[in-house]
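**Student:** This is the structure I want to talk about, given as structure tokens.
The values are calculated or read from the model by the stated rules, or taken from the named source; none is laboratory data. Keep in mind the model is a prediction, meaning the values are calculated, not measured. Here Cβ is always computed from backbone atoms with ideal geometry, including for glycine, and neighbour counts include all displayed protein chains.
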Amino acid sequence: MNYNTTRNGVSLVENIGTIGKNYMIHSYKHNGQLYKSWDEAVLLEKNDDFYVFGNQNTKVTEVDGRSWYTKEPAILFYFKNHWFNIIGQCKEKGLTFYCNMTSPFLIEEEVIKYIDYDLDVRIFPTGSFKILDQREYKYHKKKMRYSTELDGIIKKELSALIDMIKKKDYFFQKHTIDKYVSQYQQLLQYEQEKMTL
């Protein structure tokens, strides 16, 4: 993955399209290898700091070629200046969140792209949370030679994310997720109605 946020002087985030447009998601590893992809992410909102996407019943393809489909509606927050993303998942057992430590995202040829840095945080419906894949991070840090500077950024951003979780920041509020799920479902209904005309 060529992680350059501009092309010919044009930002690869700012040129994102209109609300309701569908994008793919490509997650890479530090060595440039495509790690995982999702075939749907519908743009719901864009502003100066973050973009919001929604999806459901989305095909996910793993690095080994295996694929599976998500079930529940999910709201995805991608940040321009933070090294993580946040996914709100409306599961039967309650609202859960999955946060990935990643590079800031960019958009290139209708694909959302970022580098996955192994560490994840799972937030349960009770509000408790758990840091995942710390062993994987240590392994890839050595194998792929994460720099000291990069390691420091990841740890600093993980600390900032945990602080947001503990404070129940905007992104972790049920009414926030409900609002975007409703918007996503309305957009889907609108597209279905257009197809029947």
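**Student:** Residues Asn55, Asn85: which one is of a type outside the set (A, V, I, L, M), over 10 Å from the mean Cα position of the chain (by Cα), modelled with pLDDT of 95 or more and crowded, with 20+ Cβ neighbours inside 10 Å?
**Tutor:** Asn55
**Student:** Look through the range 164-197, keep the residues that are surrounded by fewer than 18 Cβ atoms within 10 Å (Cβ to Cβ) and among the hydroxyl-bearing types (Ser, Thr, Tyr), and return whichever of them is farthest from the chain's Cα centre (by Cα).
**Tutor:** Ranking the qualifying residues of the range 164-197, first place goes to Thr196.
**Student:** With the checklist (1) modelled with pLDDT under 95; (2) part of a helix (DSSP H, G or I); (3) not aliphatic (A, V, I, L, M) in hand, flag the one item Gly127 doesn't pass.
**Tutor:** (2) is the only condition that Gly127 fails.
**Student:** Here is a check on your reading of the model: is Tyr146 part of a loop (DSSP other than H, G, I, E, B), of a type outside the set (Asp, Glu), in contact with a Phe, Trp or Tyr (Cβ under 9 Å, 6 or more places away or on another chain) and farther than 18 Å from Cys90 by Cα?
**Tutor:** Against the criterion (part of a loop (DSSP other than H, G, I, E, B), of a type outside the set (Asp, Glu), in contact with a Phe, Trp or Tyr (Cβ under 9 Å, 6 or more places away or on another chain) and farther than 18 Å from Cys90 by Cα), Tyr146 qualifies.
**Student:** Then there is this: Consider Glu45 against the criteria (1) farther than 15 Å from Ile19 by Cβ; (2) surrounded by fewer than 20 Cβ atoms within 10 Å (Cβ to Cβ): it satisfies all of them except one. Which criterion is unmet?
**Tutor:** Going through (1) farther than 15 Å from Ile19 by Cβ; (2) surrounded by fewer than 20 Cβ atoms within 10 Å (Cβ to Cβ) one by one, Glu45 breaks only (1).
**Student:** Quick check: anything in the range 153-162 more than 17 Å from the chain's Cα centre (by Cα) and more than 18 Å from Asn81 (Cβ to Cβ)?
**Tutor:** No, the conditions are met nowhere in the range 153-162.
**Student:** Sticking with this structure for a sec: Within the range 74-117, track down each residue that is among the acidic types (Asp, Glu) and on the phi > 0 side of the Ramachandran plot.
**Tutor:** Hits for the range 74-117 are Glu109, Glu110.
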